[in-house]
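Reading through the structure tokens given below for one structure.
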Amino acid sequence: MKFYRRWQPVAALTFDLDDTLYDNREVIVRAERRLRNWMEIHCNAIASFDAAQWKMIRQQVISDNPRLVGFVTEIRRAQILLAASICGLHTSNAKTLADDAIEFFLFERSNFSVSDQTIETLSSLYSHYPLVAITNGNVDCDRLGLSPYFQRVIKAGSDGHPKPDLALFDIAKNWLGLPTSEILHVGDHLQADVRGAKLAGFKSCWFNDTHKPLMLQQRASFLPDVEISHLSQLLILTYTFNPTSKLN
């Protein structure tokens, strides 16, 4: 654990989900592989697209509609819709394919288990603090068993523009009804989480499991209040430095 700012006790915590509570990278790689297998059955022409072609399609989608930036589900839906159109599918058939593909992908991207250690940490914190999730992603917290630990799950898209925009942080602040200086946001991303939290007035805990120093990180633009490499360190942080807290 490393402190970058003088620590003051907090009264609530907000959490990023992807790559903070679990390794989202391997989850997405597996889900995309399964989606390609699904495409081989439902539209083999799209399944034959390589990584470079998908990248070009993504760039085209964002160029055509810049407001999609940060909305991961809708970008993927638009990619598949455009790819289907390129393959000659009628508009209605392309839309049906895209909707079905997204439904399949969303199931697979939440088809994993969160570690026992993460659940134990959340359970201990939940007993003493209100917790809110703030995510730019599209994971299903109910399926992962995370929902019982969060008073609210705030998502980019349905709830507002993605982090580091202040919209989601403002919802969390209003929901918690606390001064922003008493809210600690925990997340791995130096822009979406650290920058977003500090701009919103929250305290920021940077989850860095890469062990690459902050000063060598290209995305660093704001100092977090504290850096951790294991989620369980939050229990030490809140117990040791919050005098009135008595976590189990």
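The values are calculated or read from the model by the stated rules, or taken from the named source; none is laboratory data. This one's a predicted model, so the numbers in the text were calculated from it and none came from an experiment. Because the Cβ atoms are built from the backbone with ideal geometry, glycine has one as well, and the counts that use them run over all protein chains shown. To get the accessible areas, we keep the full protein, side chains included, count just its heavy atoms, and leave off ligands, DNA and RNA. Shrake-Rupley method; radii C 1.70, N 1.55, O 1.52, S 1.80 Å.
If I ask for residues that are of a type outside the set (Phe, Trp, Tyr) and touching a Ser or Thr at 6+ places or on another chain (Cβ under 9 Å), which ones from the range 211-229 would you list?
Within the range 211-229, the first condition is being of a type outside the set (Phe, Trp, Tyr), and the residues that meet it are 211-221, 223-229.
Residues satisfying the conditions are 211, 217, 223, 224, 225, 226, 229.
Please pick out the residue among 77, 36 that is open to solvent by 50 Å² or more (accessible area, probe 1.4 Å), without any contact (Cβ under 8 Å) to a residue 24 or more places away in the chain and part of a helix (DSSP H, G or I). Give the derivation first.
On the way: 77 fails: without any contact (Cβ under 8 Å) to a residue 24 or more places away in the chain.
Only one candidate passes the filter, namely 36.
Tell me, which residue of the range 155-205 that is among the β-branched types (Val, Ile, Thr) and in contact (Cβ under 8 Å) with a residue 60 or more places away in the chain is nearest to residue 138 (Cα to Cα)? Let's see the steps before the verdict.
From the range 155-205, those among the β-branched types (Val, Ile, Thr) are 171, 180, 183, 186, 194; that's our starting set.
In the following step, the residues that additionally are in contact (Cβ under 8 Å) with a residue 60 or more places away in the chain were identified as 183, 186.
On the way: 183: 23, 186: 18 Å.
That would be 186.
Taking the range 80-94 as the search range and keeping residues that are within 30 Å of residue 167 (Cα to Cα) and more than 23 Å from the chain's Cα centre (by Cα), which one is surrounded by the most Cβ atoms within 10 Å (Cβ to Cβ)? Lay out the reasoning, then the answer.
Taking the range 80-94 first, the residues within 30 Å of residue 167 (Cα to Cα) are 80-82.
So of that shortlist, the ones also more than 23 Å from the chain's Cα centre (by Cα) come out as 81-82.
On the way: 81: 21, 82: 17.
Checked the range 80-94; the qualifying residue surrounded by the most Cβ atoms within 10 Å (Cβ to Cβ) is 81.
Picking from 206, 175, which residue would you name as being more than 12 Å from the chain's Cα centre (by Cα) and within 17 Å of residue 234 (Cα to Cα)? Show your work before the answer.
Working: 175 fails: within 17 Å of residue 234 (Cα to Cα).
Result: 206 is the single residue among 206, 175 that is more than 12 Å from the chain's Cα centre (by Cα) and within 17 Å of residue 234 (Cα to Cα).
If you go through the range 98-109 one residue at a time, do you hit one that is closer than 30 Å to residue 177 by Cα, in contact (Cβ under 8 Å) with a residue 40 or more places away in the chain and in a helix (DSSP H, G or I)? Break it down into steps so the answer makes sense when it comes.
Step one: filter the range 98-109 for residues closer than 30 Å to residue 177 by Cα, giving none.
The answer is no, given that none of the residues of the range 98-109 is closer than 30 Å to residue 177 by Cα, in contact (Cβ under 8 Å) with a residue 40 or more places away in the chain and in a helix (DSSP H, G or I).
Determine the pairs where a residue that is charged (D, E, K, R), located within the range 1-16, has a partner that is surrounded by 17 or more Cβ atoms within 10 Å (Cβ to Cβ) with Cβ atoms under 6 Å apart, the partner being 6 or more residues away or on another chain.
Listed pairs, sorted by first residue: 2/227; 5/225; 16/187; 16/193.
When you scan the range 111-123, do you find a residue that is open to solvent by less than 40 Å² (accessible area, probe 1.4 Å), closer than 30 Å to residue 228 by Cα and at pLDDT below 95, even just one?
Scanning the range 111-123 turns up no residue that is open to solvent by less than 40 Å² (accessible area, probe 1.4 Å), closer than 30 Å to residue 228 by Cα and at pLDDT below 95.
I'd like to know if the range 172-185 contains one or more residues that are charged (D, E, K, R), touching a helix residue (DSSP H, G or I) at 6+ places or on another chain (Cβ under 7 Å) and either farther than 19 Å from residue 23 by Cβ or at pLDDT 95 or above (or both). Can you show your working first?
In the first step, residues of the range 172-185 are kept if they are charged (D, E, K, R); the result is 173, 182.
Filter again for touching a helix residue (DSSP H, G or I) at 6+ places or on another chain (Cβ under 7 Å), leaving 173.
When the remaining residues are screened for being either farther than 19 Å from residue 23 by Cβ or at pLDDT 95 or above (or both), the result is 173.
The answer is yes, given that some residue of the range 172-185 is charged (D, E, K, R), touching a helix residue (DSSP H, G or I) at 6+ places or on another chain (Cβ under 7 Å) and either farther than 19 Å from residue 23 by Cβ or at pLDDT 95 or above (or both).
For the range 174-198, which residues satisfy the criterion of being within 19 Å of residue 223 (Cβ to Cβ), touching a Ser or Thr at 6+ places or on another chain (Cβ under 9 Å) and hydrophobic (A, V, I, L, M, F, W, C)?
The answer is 183, 184, 186, 190, 194, 197.
Taking the residues in the range 43-69 that are touching a helix residue (DSSP H, G or I) at 6+ places or on another chain (Cβ under 9 Å), modelled with pLDDT under 90 and farther than 20 Å from residue 89 by Cα as candidates, determine which candidate is least open to solvent (accessible area, probe 1.4 Å).
Ranking the qualifying residues of the range 43-69, first place goes to 68.
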